[in-house]
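First comes the structure, then the notes that go with it.
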Amino acid sequence: MTTTEPALTAEEEALLPSAADVRHYAEHGWYLSEKLFTDDEIDALTAAADRYYAGERDRTLPVRPPKLAYWDPSKGPVQRHNDYVHHEHDGLGLILRKPLLGAVAARLAQADEIRIFQSTLIYKPPISGEPSNIVPWHFDKHYWASSSSERMLTAFIPFHDCGEEMGTITMVDGSHRWQEIGADDTVVRHFAERDRDQLEEMLAENAAYNGAVIRKVPVVIPKGHVSFHHCRTYHGSGPNLSDRPRQAISLHLQDGGNAWREYPLSDGTLAAYNHDVLVRRTPDGRPDYADPEFCPVIWRDRAQQGG
């Protein structure tokens, strides 16, 4: 039976990364896309986020994972992070599953299939000096130690023009190619649970070991454009110095080959991800990171279909 996947229009095909763009991503670890979302689509994301914050849900998680990021009004005017919004809210999820977005990711990752891994709705308030607004240097693969793939990537989707004043995402250029040293079990903990000075020191030590200069690149993202980065690219963001909130979704993506793997920690336990208590099990009992309920496919190369 042949699976039918949405085809891209000619206009969308023209927005895909060029061969030079793919080489840039491979060398630098990040890529700023063309305009992948219309203004209407981004405005619809903004409106859906407002409804989400007002309490609207189409479904909720069956259990609460141990390290779930889930802001609610009781936490006050800090930086908000809410995971699994693609699952809980159809207004957000429908737009995040746009095939063009997946096709861009597939070309960058050189993959035949792209699935959502996680989605985090982010709101950085315009409050000078709010400590939660500063995101220290980290790379995402640290939190995904239970994932087998090294090709995972993240799409950062702002709801507006996003520049340095708002605390846009900032990449450490080329850091995904560094050989890592000095890592221990603490790196699997989220950056919010880590000491910022320690993370800064880790970045400096890894750069020195690799003979690399730390080049920090704030990515200025026009509305409708998307910043992509490799799962091993160090990144962070500064304070929001503007007079309005910085709103975005961080959409973590996995290639079709990604699967759960055993990753032992020094205390004898295994590294885990929030999915592990949510997703279905494979026939041999492992968490299935291809569970379509939580990890839907958003792009599959039509040449790979059929059977």
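The values are calculated or read from the model by the stated rules, or taken from the named source; none is laboratory data. Just so it is clear, the model here is predicted, and its values are computed rather than measured. Glycine also receives a Cβ, built like all others from the backbone with ideal geometry; neighbour counts cover every protein chain displayed.
Only one of (1) more than 17 Å from the chain's Cα centre (by Cα); (2) in a strand (DSSP E or B) fails for A26. Which number is that?
(2)
Quick one: in region 62-82, which of the residues that are under 21 Å from the mean Cα position of the chain (by Cα) and among the basic types (K, R) is modelled with the lowest pLDDT?
Out of the qualifying residues, it is K67.
In contact (Cβ under 8 Å) with a residue 12 or more places away in the chain and either surrounded by 15 or more Cβ atoms within 10 Å (Cβ to Cβ) or assigned to a loop (DSSP other than H, G, I, E, B) (or both): does that describe D284? Before you say what the answer is, go through the steps one by one.
Details: in contact (Cβ under 8 Å) with a residue 12 or more places away in the chain: no; either surrounded by 15 or more Cβ atoms within 10 Å (Cβ to Cβ) or assigned to a loop (DSSP other than H, G, I, E, B) (or both): yes.
No.
Tell me, which residue of region 265-279 that is closer than 23 Å to L153 by Cα and over 17 Å from the mean Cα position of the chain (by Cα) is surrounded by the fewest Cβ atoms within 10 Å (Cβ to Cβ)?
L270
Would you call H138 modelled with pLDDT under 95, closer than 15 Å to R232 by Cβ and touching a Leu at 6+ places or on another chain (Cβ under 8 Å)?
yes
Okay, residues lined up against (1) part of a helix (DSSP H, G or I); (2) modelled with pLDDT under 90; (3) among the basic types (K, R):
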| position | (1), (2), (3) |
| --- | --- |
| G182 | no, yes, no |
| V187 | yes, yes, no |
| L203 | yes, no, no |
| A208 | yes, no, no |
| G211 | no, no, no |
| S242 | no, no, no |
| A248 | no, no, no |
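Taking region 99-129 only, how many residues are charged (D, E, K, R) and either over 22 Å from G257 (Cβ atoms) or in a strand (DSSP E or B) (or both)?
Qualifying residue count for the region: 3.
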